[in-house]
1. Which order do B:Asp46, A:Asp53 fall in if you start with the one that has the fewest other Cβ atoms within 10 Å?
2. Quick one: among A:Ile65, A:Ile113, A:Ile13, which has the greatest mean-square fluctuation in a GNM of chain A with alpha-carbon springs under 10 angstrom?
3. Calculated from DSSP H runs of 4 or more alone, at -39500 (n - 2.57) each and per residue, what is the 222 nm mean residue ellipticity of chain A, nearest 500?
4. Relative contact order of chain A, please, whole-number percent, based on alpha carbon pairs below 8 angstrom and at least 6 residues apart.
5. In percent, what relative contact order does segment B:10-80 have, based on Cα pairs under 8 Å that are 6 or more apart in sequence?
6. Which longest uninterrupted range of chain B lacks any GluC sites (Glu not before Pro) assigned by DSSP to a loop state (not H, G, I, E or B) and surrounded by at most 15 other Cβ atoms within 10 Å?
7. Quick one: dipole size for chain B, taken about the Cα centre, charges +1 on Lys/Arg Cβ and -1 on Asp/Glu Cβ, in debye to the nearest 20.
8. Could you tell me how many degrees, from 0 to 90 and to the nearest 10, lie between the Cα long axis of helix B:196-206 and the main elongation axis, the longest principal axis, of the Cα atoms of chain B?
There are 2 protein chains.
Amino acid sequence: METTAPYVPEPAIRRLPWYLACVSRLRAEGVEYVSSTAISHQLNVDSSQIAKDLSYLNIKGKTRIGYEVKELERGLLDFLGFHREHNAVMMGVGSLGAALMADSGLSRYGLNIVAGFDVNPDVVGTRLGGKPIYDYSDLERRVRELDAEIAVIAVPVESAAEVAQKCVDAGIKALWNFTPFHIKTSPAVAIQNTSIYAHLAVMYNRMPK
Amino acid sequence: METTAPYVPEPAIRRLPWYLACVSRLRAEGVEYVSSTAISHQLNVDSSQIAKDLSYLNIKGKTRIGYEVKELERGLLDFLGFHREHNAVMMGVGSLGAALMADSGLSRYGLNIVAGFDVNPDVVGTRLGGKPIYDYSDLERRVRELDAEIAVIAVPVESAAEVAQKCVDAGIKALWNFTPFHIKTSPAVAIQNTSIYAHLAVMYNRMPK
């Protein structure tokens, strides 16, 4: 019987990797059980919030013992999808795109960037970190061939809208947008905006003067 | 007379770079005036939300004419701080840290990474993209010498807490944390968490099955 995955609110999903980092460390240290209070002290997140977030995953602690560390780590990894491989294409291999293609951390979290796309004739046809760089005109065919479901968008902001639409037309199911352009949502694709420059703006604004 | 900058909520600050990207494009196209309705159509953000966000910056549109594009761009740039140079150090020059140091986009947004720090004896003493890589033991002295106010944290998650504390002790005023470790807040430093792997988790979860 197929079961539908529970709907988990986005802020809760974003906190789950914190818990994972915490319990992975505990597991490496040989700790067997952990309470939400102990996690709370380490992460500075309210313990009732932790218990609520984990209950979405159907993970419940035992009274006076807490969570079984290995089980909690496995439950978080399964839910987060970091252990499944997701094929992705990099749209734009300029400074940030090339940097992300070089970040081996992404593959540890399940993102397998299989190719890059660009308009620059100097890079099209070359390889970057062993991955081929193609022209955008090849997108639809390559996405099918490579079985890619995610597109990472790191093109100049002026091209973001057009490139996003090309990806959707090519059958991409999720867009990870690193440009400051706010891509319109559609029910056919998941969109995650990681505008790192917007985070910079918040940091500048909040710095003690 | 000194005036205190208005307190702007974080979600509003995060939207401002979207408006900036939009008006910069309009300015490049020679457009002189833009309404919040027109920005709304381009960005898929409610026009009353846009007007409210901009009113925090004391930017008001004119009835039937809208915002003066150049003035709006200048107001956004001034507020966001992208045109001021902020000296920063990179903590950890592994895969992600080295990638971020190579991203010239950051300097276009006012982040000037002047040096890297690492524990790996193979990289300490070398240069990366022309920037020196030092040992952590030199942190306090170098931060003073280099007049660095921001630390970008891209160390392995197990070291994040310790490295963050070292930065605060060395007089750093803002931490830009790329690790999944949730650094405890303190009134003396601004903390911006950009856990790109958490964004990956949300994207995996929201992908159409």
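1. With the fewest neighbours first, B:Asp46, A:Asp53 line up as B:Asp46, A:Asp53.
2. The residue that fluctuates most here is A:Ile65.
3. -12500 deg cm²/dmol
4. On the way: 295 pairs, mean separation 28.2, N = 209.
Answer for chain A is 13 percent.
5. 42 percent
6. Here the longest segment lacking exposed loop sites spans B:86-209.
7. Dipole of chain B, to the nearest 20 debye: 720 debye.
8. Helix B:196-206 and the main axis of chain B meet at about 50 degrees.
Every read-out reported here was derived from the displayed coordinates using simple, explicitly stated rules and does not represent laboratory data. None of these values were measured; they are calculated from a predicted model. In this analysis, Cβ positions are derived from the backbone assuming ideal geometry, glycine residues included, and neighbour counts consider all displayed protein chains.
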